[in-house]
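A.B. asks: Handing you a structure now.
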Amino acid sequence: MAIKRLFIANRGEIALRIVRAAQALNIETVVAVSDADRESAAAKLADRAIILGPAAAAKSYLDPRLVVHAARETGCDGLHPGYGFLSERAILPRLCAEHGIAFVGPEPDMIDALGDKLRARAMARDAGVPLVPGSDCIATAADARSEAKRIGFPVLIKASAGGGGRGMVIANSADEAEAGFDRATAEAVAAFGDGTLFMERFVPEARHVEVQLMGDGTGKVLHFGERDCSVQRRYQKLIEEAPCVAMGDELRARLHQSAVALAASVNYRNAGTAEFLFDVMRQEFYFIEVNARIQVEHPVSEAISGFDLVQEQIRIAGGAGLSVRQEDLKLAGHAIECRINAEDSRRDFMPSPGRITRWDAPSGDHVRLDSHMSEGAMISPFYDSMIGKLIVHGESRDRAIELMSDALDNFHIEGVPTTIDLHRDIVNHPDFRANRIHTRWLEQVLLPERERNAA
Amino acid sequence: MTSSEFERSVAVLLTEFSRSGIAELNVLSGDFEIYLSSHAGGTGLRQRSGKQLMVPPRAEQVAHPMAGETSRKPTAIVHEPANFPANARIVTAPNLGTFYRAPKPGAEPYVEVDAMIAEGDEICLIEVMKLFTAVRAEASGRLYAILAEDGSMVEAGQPLFALLDD
């Protein structure tokens, strides 16, 4: 039942990461590529690369039938979806199951259930997990008005079929809530094909805290500590840390317990992350959503636990149980990850594809770089602009900040603009060093300061 | 065998070898010998024969098929057979799928070698999870060679047919 040949249905740095994890387990690898990714690092490292279709993701990585057809025809008995793309589309594990391919992830019904944010909230409520004060489905503008008054302003109107920060409207008064209802419905239908809305209290100074989980499908769930992902721009994470030192030990323990209780209550299988909003002023955390997949920022949890999460994913998908007990997991030190993108942070973060003409990456005992890029490689215009993830691990947060600052100073990329200089500005900022940040800090404080200094 | 038939045979040999799982192949026929290797290092066969001809790697590096249960590293393969006539046009697969030469099992293939094909004619099917898409000729021509095996999986961009322009 253990997987012998793994199909990797993704690209870029995560495809490379999964190939490496499979190789460490002596599993053969077949990686899906589009026409634009034939020379990718993952394609070169894998035992075989299969060209699904042209560069456009819709005609290659996003077509579940092409992906499963390729996996089946190349004799793969396992498939890892990575993150993004089809990783949370239940049709993929369903097609895999039809063709005898073990999907590296949760059951399709679980993916569906957690993808419905209202259902996920109900699951959390049933498991005793605190929710953001909010509503169930709001059916009319009049409901929007009355619910908003009950919850207290400001409120966030959200799409049940949404997620990842999309499809949200803020209302600061009952009038705005009523007016916002129609707009939010239209946007939700357009973006997700489903106009179902609900409402949550809006917390102006919040931190985004999430817990890394791994379940065996029988109710046993491990946690690998929490991550603080509060440096964000337009709901996209730029920097993630583990642990969240802004939370005291007692609160942190309750957070882990809540996340584990939720996953255990649904017999969650494989890797997942429970995301929470941490209201620093009230010292309360509230459940937001569960991401039923491995996440971009998993390396910081691996750093503090010394545990390879992707290998464990593959083992569990092959029928193994959890390979460690919670009491044996020791979380130590502090890790920080910077997501380096090919974007010009001084020109509205315009994605800037192109060829890398110089690549001088930092290295060292405490430095990890998850990247598919190298000198001469192309950042193509068809996908995201991620260059790589730079991770450091030190004994304390202060030490990790020093390590990250040094690593960024020693990272030289030419040929495309990158966000290296932005990350340097962030980690050296007094607010970041003093850990006075929140999810709107980057957009409200640092970026405007940077613009003023440049002018 | 005429020289153009010979060229065609070599071209088909190159293509078929590239897509087989064979690592190395030495063909000796009369005073013609060709040694084909799918990886840069080569091995023992080199010692046996005095003369070797490496398959010239083409510009694009495309991953090489796996042989059954063995796994090998991806290497360059010949994307367009080197010895086809200058006016040959290669029809490639628009996406990955299973290549079928006939509309259904047991039926006559859409086209055979030397057939005259008109622009817009259906020349094969590509099947993905039971969904069949017909590939149509983009311009008219005579079918020179069939480059993929009926019922085999083909990848996006993989050569299927060589057509000669009129």
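The values are calculated or read from the model by the stated rules, or taken from the named source; none is laboratory data. Keep in mind it's a predicted model, so treat the numbers as computed, not measured. Positions of Cβ are generated from backbone atoms using ideal geometry, with glycine treated the same way; all protein chains shown enter the neighbour counts.
A.B. asks: Which members of segment A:274-286 meet the condition of being of a type in the set (A, V, I, L, M, F, W, C) and either closer than 27 Å to A:GLY394 by Cα or modelled with pLDDT of 95 or more (or both)?
C.D. replies: Matches in segment A:274-286: A:ALA274, A:PHE276, A:LEU277, A:PHE278, A:VAL280, A:PHE285.
A.B. asks: Go through segment A:299-356 and give me each residue that's over 20 Å from the mean Cα position of the chain (by Cα) and among the charged types (D, E, K, R).
C.D. replies: Those that are over 20 Å from the mean Cα position of the chain (by Cα) and among the charged types (D, E, K, R): A:ARG315, A:ARG325, A:GLU327, A:ASP328, A:LYS330, A:ASP344, A:ARG346, A:ARG347, A:ASP348, A:ARG355.
A.B. asks: Of all residues in segment B:148-158, how many are within 12 Å of another protein chain (Cβ to nearest Cβ) and surrounded by fewer than 16 Cβ atoms within 10 Å (Cβ to Cβ)?
C.D. replies: Final tally of qualifying residues: 2.
A.B. asks: If you don't mind, there's one more thing I want to ask. Counting only residues that are basic (Lys, Arg) and in contact with a Pro (Cβ under 7 Å, 6 or more places away or on another chain), which one in segment A:43-62 is nearest to the other protein chains (Cβ to nearest Cβ)?
C.D. replies: Going through the qualifying residues, I end up with A:ARG48.
A.B. asks: I would also like to ask the following. Scanning segment A:197-229 for residues that are closer than 22 Å to A:GLY152 by Cβ and among the acidic types (Asp, Glu), which turns out surrounded by the fewest Cβ atoms within 10 Å (Cβ to Cβ)?
C.D. replies: A:GLU205
A.B. asks: For segment A:179-213, name all the residues that are over 21 Å from the mean Cα position of the chain (by Cα), assigned to a helix (DSSP H, G or I) and free of Cβ contacts under 8 Å to residues at least 40 places away in the same chain.
C.D. replies: Scanning segment A:179-213 gives A:ALA179, A:GLY180, A:ARG183, A:ALA184, A:THR185, A:ALA186, A:GLU187, A:ALA188, A:VAL189, A:ALA190.
A.B. asks: Would a scan of segment A:16-26 turn up a residue that is crowded, with 24+ Cβ neighbours inside 10 Å, facing chain B (nearest Cβ under 9 Å) and either at pLDDT below 95 or in contact with a Leu (Cβ under 7 Å, 6 or more places away or on another chain) (or both)?
C.D. replies: So far as segment A:16-26 goes, no, none of its residues is crowded, with 24+ Cβ neighbours inside 10 Å, facing chain B (nearest Cβ under 9 Å) and either at pLDDT below 95 or in contact with a Leu (Cβ under 7 Å, 6 or more places away or on another chain) (or both).
A.B. asks: Mind listing whichever residues of segment A:230-250 are buried (at least 17 other Cβ atoms within 10 Å of the Cβ) and under 19 Å from A:VAL129 (Cβ atoms)?
C.D. replies: Listed by number, the residues that qualify are A:CYS244, A:MET247.
A.B. asks: Which pairs do you get when a residue that is in contact (Cβ under 8 Å) with a residue 24 or more places away in the chain, found in segment A:387-408, comes within reach of a residue that is hydroxyl-bearing (Ser, Thr, Tyr), reach meaning Cβ atoms under 8 angstrom, with the pair 6+ apart or on two chains?
C.D. replies: A:ILE387/A:SER371; A:ILE387/A:THR418; A:GLY388/A:SER371; A:LYS389/A:SER371
A.B. asks: Turning to a different aspect of this structure: Considering each residue of segment B:125-147, count those that are surrounded by fewer than 20 Cβ atoms within 10 Å (Cβ to Cβ) and closer than 23 Å to A:HIS99 by Cα, and give that number.
C.D. replies: 7
A.B. asks: Within segment A:263-281, is even one residue of a type in the set (Ser, Thr, Tyr), at positive phi and surrounded by fewer than 24 Cβ atoms within 10 Å (Cβ to Cβ)?
C.D. replies: No, because not a single residue in segment A:263-281 is of a type in the set (Ser, Thr, Tyr), at positive phi and surrounded by fewer than 24 Cβ atoms within 10 Å (Cβ to Cβ).
A.B. asks: Tell me the residue from A:LEU86, A:LEU95, A:LEU66 that is buried (at least 20 other Cβ atoms within 10 Å of the Cβ), over 30 Å from A:GLU284 (Cα atoms) and in contact (Cβ under 8 Å) with a residue 40 or more places away in the chain, please.
C.D. replies: From the options A:LEU86, A:LEU95, A:LEU66, the qualifying one is A:LEU86.
A.B. asks: Going through A:SER40, A:SER34 one at a time, which residue ends up being crowded, with 18+ Cβ neighbours inside 10 Å, within 16 Å of A:TYR383 (Cβ to Cβ), more than 7 Å from every other protein chain (Cβ to nearest Cβ) and out of contact with any Phe, Trp or Tyr (no Cβ under 9 Å at 6 or more places or on another chain)?
C.D. replies: Answer to the selection: A:SER40.
Residues are listed down the side, and each one gets a yes or a no for (1) at negative phi; (2) more than 14 Å from chain A (Cβ to nearest Cβ); (3) aliphatic (A, V, I, L, M):
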position	(1), (2), (3)
B:ARG101	yes, yes, no
B:GLU119	yes, yes, no
B:GLU122	yes, yes, no
B:ARG142	yes, yes, no
B:ILE146	yes, yes, yes
B:LEU160	yes, no, yes
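A.B. asks: Report, by residue number, each residue of segment B:102-128 that is under 8 Å from B:LEU143 (Cβ atoms), in a loop (DSSP other than H, G, I, E, B) and among the hydrophobic types (A, V, I, L, M, F, W, C).
C.D. replies: Residues satisfying the conditions are B:VAL111, B:VAL113, B:ALA115.
A.B. asks: Do we find that A:GLU176 is surrounded by fewer than 22 Cβ atoms within 10 Å (Cβ to Cβ) and assigned to a strand (DSSP E or B) in this structure?
C.D. replies: So A:GLU176 fails the test.
A.B. asks: Cβ-Cβ below 9 Å, separation at least six or inter-chain, first residue in segment B:120-139 and of a type in the set (Lys, Arg), second part of a loop (DSSP other than H, G, I, E, B): which pairs?
C.D. replies: Taking only residues 6 or more apart or on different chains, the pairs are B:ARG136/B:GLU119; B:ARG136/B:GLY120; B:ARG136/B:ASP121.
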